[in-house]
Amino acid sequence: MSAQRSGSTLLKALLAVAPDVSHLAEVPFYRYGRFNSWQLKSLADERILVLKKPSWPDEHDYPSIPPVGDHRIIVLIRHPYETLVSTGKMYESLEPDFWSRWSYESMLYDYWLPTYERMIARGVPDLPNSFTVRYEDLTAHPKQETRRLFEFIQSSRIDGTDTYERLSKGWAYKQDDGSPVIKSLKVQSRTTRRTNRELLGMIDAEPRVTAVLSRLGYPQVNPGLSDT
């Protein structure tokens, strides 16, 4: 579970390095209800199915988990600055009129905050079958974080990883991210400067953002720098 552009494609690909973990395209798991959740088993032969479906703008009942029996929940979060900047770039390339309908302010208040506040309100991070991953930790310490995740999902793989394999020869929207970083097949941690001071100021001044980040384990950071 995550907002878009939070690293879910990277995380799914890293987990799929394990021999007992599936490497599926993006699967809208919320469509599988009580009477057809058995169909999930037909998606892959591996013992563990990793299903990812980030929230979308205007999605008002996220997250919704079908009754699929034994399952574990991975909550993935990335700082809202990088998330919103990356989401905006993605949508403006897909929808020429995107910025006529959205702004960074509306993306923060109508998309990013509701995505994580709903998870917290429903107690998802507190569930015994839930594990929270911060994108910044995943990219800075991939082997350490994936080792913990393999143990959490009860994979047979013991060692962590910082490399992964591509899902297919081609890359397609909603299946895999075709960016050069993803295509490198290796986790890359980079320090980038946050140049949009208006967006950064809005984020830093909002107590709701501070509450979400604090609740999901973010320490106080230098607002001018970010590990991505």
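The values are calculated or read from the model by the stated rules, or taken from the named source; none is laboratory data. Everything numeric here is computed off the predicted structure, so don't read it as measured data. Because the Cβ atoms are built from the backbone with ideal geometry, glycine has one as well, and the counts that use them run over all protein chains shown. Accessible surface areas use protein heavy atoms only, side chains included; no ligands, DNA or RNA. Shrake-Rupley method; radii C 1.70, N 1.55, O 1.52, S 1.80 Å.
Hey, among Leu51, Leu14, which residue is out of contact with any Gly (no Cβ under 8 Å at 6 or more places or on another chain), under 23 Å from Asp159 (Cα atoms) and in a helix (DSSP H, G or I)? Full working, then the answer.
Values: Leu51 fails: in a helix (DSSP H, G or I).
Unique residue meeting the criteria: Leu14.
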Practice prompt. Restrict the check to segment 29-43 and report whether at least one residue is out of contact with any His (no Cβ under 9 Å at 6 or more places or on another chain), modelled with pLDDT of 90 or more and more than 21 Å from Gln154 (Cα to Cα).
Written response: no
Item to complete: Output the qualifying pairs, or none if there are none: Cβ atoms under 7 angstrom, residues six or more apart or on different chains, first residue in segment 61-86 and over 18 Å from Ala121 (Cα atoms), second residue charged (D, E, K, R) and modelled with pLDDT under 85.
Response: Pro67/Arg34
Item to complete: Identify, by number, the condition in (1) outside any helix (DSSP H, G or I); (2) open to solvent by 30 Å² or more (accessible area, probe 1.4 Å); (3) modelled with pLDDT of 90 or more; (4) under 20 Å from Arg118 (Cα atoms) that Leu76 doesn't meet.
Response: (2)
Worksheet item: Does any residue of segment 156-166 turn out to be among the aromatic types (Phe, Trp, Tyr), crowded, with 16+ Cβ neighbours inside 10 Å and touching a residue at least 60 places away in the same chain (Cβ under 8 Å)?
Response: yes
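Go through segment 143-162 and report how many residues are part of a loop (DSSP other than H, G, I, E, B) and polar (S, T, N, Q). Talk me through it step by step, then tell me what you get.
Step one: of segment 143-162, the residues part of a loop (DSSP other than H, G, I, E, B) are 153-162.
Now narrow it down to the ones that are polar (S, T, N, Q): 154-156, 161.
Result for segment 143-162: 4.
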Practice prompt. State all residues of segment 109-119 that are open to solvent by 50 Å² or more (accessible area, probe 1.4 Å) and either within 16 Å of Val75 (Cβ to Cβ) or among the β-branched types (Val, Ile, Thr) (or both); if no residue qualifies, say none.
Written response: Glu117, Arg118
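Could you tell me which of the residues Arg197, Arg147 is modelled with pLDDT of 90 or more and either surrounded by 15 or more Cβ atoms within 10 Å (Cβ to Cβ) or touching a Gly at 6+ places or on another chain (Cβ under 6 Å) (or both)?
Numbers: Arg197 fails: either surrounded by 15 or more Cβ atoms within 10 Å (Cβ to Cβ) or touching a Gly at 6+ places or on another chain (Cβ under 6 Å) (or both).
Of Arg197, Arg147, the one residue that is modelled with pLDDT of 90 or more and either surrounded by 15 or more Cβ atoms within 10 Å (Cβ to Cβ) or touching a Gly at 6+ places or on another chain (Cβ under 6 Å) (or both) is Arg147.
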Worksheet item: Within the bounds of segment 80-92, is there any residue that is under 27 Å from Pro219 (Cβ atoms) and hydrophobic (A, V, I, L, M, F, W, C)?
Response: yes
Worksheet item: Is at least one residue of segment 60-72 of a type in the set (A, V, I, L, M, F, W, C), open to solvent by 50 Å² or more (accessible area, probe 1.4 Å) and under 30 Å from Ala205 (Cα atoms)?
Response: no
Worksheet entry | Unmet requirement for Leu15, which otherwise passes all of (1) open to solvent by less than 30 Å² (accessible area, probe 1.4 Å); (2) hydrophobic (A, V, I, L, M, F, W, C); (3) modelled with pLDDT of 80 or more; (4) within 22 Å of Asp126 (Cβ to Cβ) | (4)
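How many of the residues in segment 90-110 are in a loop (DSSP other than H, G, I, E, B) and among the charged types (D, E, K, R)? It would help to see each step written out before you state the result.
Within segment 90-110, the subset in a loop (DSSP other than H, G, I, E, B) is 95-97, 102-103.
Next cut, among the charged types (D, E, K, R) only: 95, 97.
Summing the residues that are in a loop (DSSP other than H, G, I, E, B) and among the charged types (D, E, K, R) in segment 90-110 gives 2.
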Discussion item. Of all residues being under 16 Å from the mean Cα position of the chain (by Cα) and exposed (fewer than 14 other Cβ atoms within 10 Å of the Cβ) in segment 26-59, which is farthest from Arg166 (Cα to Cα)? Just the residue, please.
Written reply: Trp56
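May I ask you to list the residues in segment 92-108 that are open to solvent by less than 70 Å² (accessible area, probe 1.4 Å) and without any contact (Cβ under 8 Å) to a residue 24 or more places away in the chain? Please lay out each step first, then the result.
First, pick out the residues of segment 92-108 that are open to solvent by less than 70 Å² (accessible area, probe 1.4 Å): 95, 98, 102-104, 106-108.
If the condition is that a residue be open to solvent by less than 70 Å² (accessible area, probe 1.4 Å) and without any contact (Cβ under 8 Å) to a residue 24 or more places away in the chain, then Glu95, Phe98, Ser103, Ser106 are the ones that fit.
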